[in-house]
Amino acid sequence: MKKALIIGIGNGFRKDDGVGLEIARRIEELNLPGITVAKSTGDITNYINVFRDFEILIIADSIKNAGNPGMNIRIDISDLQEDFELSPNISTHWLGILETLKLANNTGYLPAKTIIYGIEGVDFSYGIGISAELTNATELIVDEIIDELTA
């Protein structure tokens, strides 16, 4: 198994927004060799310095894109243009996922294999626990990530 960093992003008090954290928790429970799991409430710039220590970076986060609840969108960053455009109004105090990955790429810290899993949520209201649609999707995504790591 390759050395990988898995980052689950979300807010555990906003129902489906916590799906990235749930995916990270489930992978962490597997105690896989060479796999480091981190959980973040949003800003992952504090991890840039450790990105370079890994062969694979996988990020899991919820999305709200008017798609089907539980739908999984997989983005392989190496498939994007080498120098993808970013908004000129970026603040260095809060960077989104793509801006953080761009910064990591520009500093030479981004692992060659970097994947984002976006999971379409349905309920972002206040509360604990993800919806039934996401509970089912979470298992499939965890399996997909494990397959990614063992390929």
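The values are calculated or read from the model by the stated rules, or taken from the named source; none is laboratory data. Predicted model only: the values in this text are computed from it and were never measured. Neighbour counts are summed over all protein chains in view; Cβ atoms, including those assigned to glycine, are modelled from backbone coordinates with ideal geometry. Note: areas computed on protein heavy atoms with side chains; ligands, DNA, RNA excluded. Shrake-Rupley method; radii C 1.70, N 1.55, O 1.52, S 1.80 Å.
Observations, loosely collected:
- The helix-only estimate of mean residue ellipticity at 222 nm for the chain, built from DSSP H runs of length n ≥ 4 each weighted as -39500 (n - 2.57), is -9000 deg cm²/dmol after division by the residue total.
- Debye, to nearest 20: dipole size of the chain, +1 on Lys, Arg Cβ, -1 on Asp, Glu Cβ: 380 debye
- Dividing the Cα radius of gyration of the stretch 98-151 by its Kirkwood radius returns 1.10 for Rg/Rh.
- For residue 78, the accessible surface of its heavy atoms amounts to roughly 80 Å² (probe 1.4 Å, protein chains only, rounded to the nearest 10).
- Rg to Rh, two decimals, where the chain supplies the alpha carbon set and Rh follows Kirkwood: 0.95
- Solvent-accessible area of residue 107 with every protein chain in place, 1.4 Å probe, in Å² to the nearest 10: 70 Å²
- Dipole magnitude (debye, nearest 20) for the stretch 1-68, charges at Cβ of Lys, Arg, Asp, Glu: 40 debye
- When only alpha carbons are used to place a centre, the stretch 3-61 and the stretch 110-151 end up 10 Å from one another.
- Stretching the chain fully between residue 128 and residue 46 yields a gain of 26.9 nm (0.36 nm per residue, less the alpha carbon separation).
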